[in-house]
2 protein chains.
Amino acid sequence: MVERFYVGVDLGGTNIKVGICDQEGILRHKFEGPTYSEHGAEAVLARISQYVRETVERAQLQWEQVAGVGAGIAGFLNANEGVVIFSPNLVWHNVPVKQILEEHLGVPVKIDNDANVAALGEAWSGAGRGISNLVCFTLGTGVGGGIIINGEIYQGFSGFAGELGHIKVVDADEAIQCGCGQYGCVESVSSATGIVHMAKQAVQAGRQTTLCTLAEITAKDVVDAAKSGDETAMQIVERAATSLGKALSITAVILNPQRFVIGGGVVKAGEILLEPVRASFAKLTPEASVRGVDIVPATLGNDAGIIGAAGLLLRI
Amino acid sequence: MVERFYVGVDLGGTNIKVGICDQEGILRHKFEGPTYSEHGAEAVLARISQYVRETVERAQLQWEQVAGVGAGIAGFLNANEGVVIFSPNLVWHNVPVKQILEEHLGVPVKIDNDANVAALGEAWSGAGRGISNLVCFTLGTGVGGGIIINGEIYQGFSGFAGELGHIKVVDADEAIQCGCGQYGCVESVSSATGIVHMAKQAVQAGRQTTLCTLAEITAKDVVDAAKSGDETAMQIVERAATSLGKALSITAVILNPQRFVIGGGVVKAGEILLEPVRASFAKLTPEASVRGVDIVPATLGNDAGIIGAAGLLLRI
């Protein structure tokens, strides 16, 4: 029998990444090209189709070996119908991505949001390999999330399950407003944006820190300063970590997953972040919901999106 | 074809309730007898078997019509293996309930904890009928919970999914210790115990309230006083309700269920409790996770346990 392959697309506002995975979720071939989102949805979808065909060709595979194409897209989606309802960074409204790509490519297409496919990627062949029930938190500009139950993305009633960045973890008197309009969301503290916000506040408040010498502060600057022993930066990283630990704790009493996978740019901080996350989780959670549960960093990095997108095709 | 029936057992420390349900989850026959838990597990399980056989007989059914027996039991269970690991009110340790009852009765037996089976009962033929994804909060002495996904109880990795009473909702400076040892759990405020605790605190603090004339305060007293316009009691009910609303809000961003069902003795308070629960939920939750989601009281009352226990047999 001819080996079958799964194509994953990570559609960003600037670049389109295409990957080809084998049946074990191992990424065999990769391609990246510009999105040119200003050309509009039709043109972007035609470009995706072209990139997919070219990637398959370069990989010296037969088109008949392609089991299907999955795409991860940031925004509000109807994953069941394959429609992007609204994507802020692409400026798309009600685009029937599945239908259009299936017309172009003649193979089954599935779509899901970027956080969900990253979780599925880690579950399939990354830090969650072999674990059927896991929850993934992605710490980037915001805090995204994905819930994997029995090896599949859990969508909930209307597709909004796993909006983990909006778990409320911060006490009212310390809460800052989140992008969603609410107060106290974990995203407002544990994302790169939250870390930078806390750092700027500390500098403005005249706290002693090496960060005050920087013209522009990034989350990486804060982590680096913390690693160098800067007390203020250490407290900020600690606060981001303990807030995330509280979000994991709340998720654990509700869902009791076997593993938490922490991904996204912020997790590159490593153990200086993860160690207090684990400590805060263990301290705040009833013992029965801690036992046997682990908290590990994601292992696929930026490839989680294309691998997980390819993984959408596993159950069709 | 002969009609098949499902037997549900609600095993309490004082009484054993047995019910016979038809295939639609309608309770056809009911029986209740003493547990005599002081006689030990073997004797209690023999008594359950006797009650089940007698109830089937009184209902004038043939034993062959019994598809199986389900039991709801308060405590820590391994539902997959059918073992009660620890039940505080029965004082049971590692009792293989499924195995023993199957030997006695010769039909398939399943067990689960009381909060989970109550949720399944409401999903099968109560307030959640026809809804495949719902979350049930039971407000009694504690706050129990059950998560129904695709019509089935969601157990999680080690059987501790749905421990919803331990969602943290109270700010640190106002938090009281929960029975689980943690601080700020919704159970510490929104359970009958929590309401009584807040009432006693108010009386001790010399707050003006009709509750100070009572020798012993119950949650019903507090609700009745609130309904009569007692300001202090109204604030207590409001606090129990807004805390529950926050727990629903957190659950909604994680799980996005279609419906929340609120059961247990405290919900008899009715709209004086539910209206501020809905208001707090809507206020605290991103709009996408509110749309189309409703919050309704349980409808099966004390029968939810036996009906849901019977419902455990639906998927065998």
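With the contact rule set at Cα under 8 Å and sequence spacing of 6 or more, what percent relative contact order holds for chain B?
21 percent
Using a Gaussian network model of chain A with C-alpha springs under 10 Å, which one of A:T213, A:T242, A:T251 is most mobile by mean-square fluctuation?
Result for chain A, Cα springs under 10 Å: A:T213 fluctuates most.
If I require 15 Å or longer along the helix axis, counting alpha carbons, and a Kyte-Doolittle average no lower than 0.0, what helices from chain B are left? Use full DSSP H segments.
In chain B, the long hydrophobic H runs are B:114-125, B:192-204, B:231-255, B:271-284.
Put a label point 7 Å from Cα along the Cβ direction on B:E275, then list its distances to the equivalent points in the other copies in nm, shortest first.
5.4
Per residue of A:147-159, count partner chain C-beta atoms within 10 Å of its C-beta, then hand back the mean as an integer.
4
How do the peptides B:301-314, A:215-228, B:51-64 rank, highest first, by the average count of neighbouring beta carbon atoms within 10 Å per residue?
B:301-314, A:215-228, B:51-64
Within a 10 angstrom radius of each residue's Cβ in B:168-178, how many Cβ atoms of other chains show up on average? Whole number is fine.
Across B:168-178, the average partner-chain Cβ count within 10 Å equals 3.
Once a ≥ b ≥ c are taken as the square roots of the eigenvalues of the Cα gyration tensor of region B:1-158, is the result rounded (a/c under 1.5), prolate (a/b larger than b/c) or oblate (a/b not larger than b/c)?
In terms of gyration-tensor shape, oblate.
Once the convex hull of the alpha carbons of region B:139-242 is built, what does its volume come to per residue, in cubic angstrom?
121 Å³
Using a simple charge model, +1 on the beta-carbon of Lys and Arg, -1 on the beta-carbon of Asp and Glu, nothing else, what dipole does region B:74-144 show about its Cα centre, in debye to the nearest 20?
In total the dipole reaches around 140 debye.
Given the -39500 (n - 2.57) contribution per DSSP H run of 4+ residues, what per-residue ellipticity at 222 nm results for chain A, rounded to the nearest 500 deg cm²/dmol?
It lands at -11000 deg cm²/dmol.
If you average the alpha carbon positions of region A:296-310 and of region B:117-192, how far apart do those two centres end up, in angstrom?
That distance is 32 Å.
Percent relative contact order of region A:130-298, based on C-alpha pairs within less than 8 angstrom and at least six residues apart?
For region A:130-298, the relative contact order is 23 percent.
Counting only other chains, and only Cβ atoms inside 10 Å, what mean value do you get across the residues of B:246-252?
Mean partner shielding for this stretch: 4.
Spelling out what I want: for every residue of region A:287-297, take phi, set θ = phi - 60°, compute 6.51 cos²θ - 1.76 cosθ + 1.60 (Karplus), and round to whole Hz; glycine and proline get x.
3, 4, 8, 9, 4, x, 9, 10, 10, 10, x
Can you give the Rg to Rh ratio of the protein assembly as shown, both from alpha-carbon atoms, with Rh computed by the Kirkwood formula?
That ratio is 1.01, to two decimals.
Along the axis that rotates chain B into chain A, which residue of chain B has the nearest beta-carbon, and what is the gap in whole Å?
In chain B, the Cβ lying nearest the symmetry axis toward A is B:D171, 2.
Classify region B:102-141 as rounded, prolate or oblate from the Cα gyration tensor: take a ≥ b ≥ c as the square roots of its eigenvalues, call it rounded if a/c is under 1.5, otherwise prolate when a/b beats b/c and oblate if not.
oblate
Among rounded, prolate and oblate, which fits region A:194-316 when a ≥ b ≥ c are the square roots of the eigenvalues of its C-alpha gyration tensor, a/c under 1.5 means rounded, and a/b larger than b/c means prolate?
oblate
With 32 Å as the limit, write out which pairs from B:K30/B:K227; A:K246/A:K268; A:K98/A:K268; A:K246/B:K200; A:K30/A:K200 have Cα-Cα distances beyond it, or answer none.
Listed pairs above 32 Å: B:K30/B:K227; A:K98/A:K268; A:K30/A:K200.
Please list the non-local residues whose amide H lies under 5 Å from the amide H of A:A298, H modeled 1.01 Å from N, same-chain partners needing a gap of 5 or more.
For A:A298, the qualifying residues are A:I262, A:G263.
Give the value in nm², to one decimal: projected area of the alpha carbon convex hull of chain A, averaged over all directions.
Reported value for the Cα convex hull: 17.0 nm².
5 Å is the cut-off here: which amide hydrogens, built 1.01 Å from N in the peptide plane, fall below it relative to B:I167, excluding neighbours closer than 5 in sequence?
When sequence neighbours closer than 5 places are left aside, the close amide H contacts are B:V186, B:E187.
Give the nm distances, rounded to one decimal, from A:D22 to the matching residue in every other copy, measuring between label points 7 Å along Cα toward the beta carbon; shortest first.
5.7
Non-local amide H neighbours of A:H29 (under 5 Å, H modeled in plane, Pro and chain starts lacking H): which ones?
A:I20
If we hang a label 7 Å off Cα along the beta carbon direction at B:P108, how far is it from the matching labels on the other copies, in nm, shortest first?
Relative to the other copies, B:P108 has label-point distances of 2.8 nm.
For region B:24-143, what relative contact order do you get, as a whole percent, if you take Cα pairs closer than 8 Å and at least 6 residues apart?
Rounded, it is 22 percent for region B:24-143.
Each value in this text was obtained by applying a stated rule to the coordinates, not by laboratory testing. Computed from a predicted model, the values in this text were never measured in an experiment. Glycine gets a Cβ as well: all are built from the backbone with ideal geometry, and neighbour counts include every protein chain shown.
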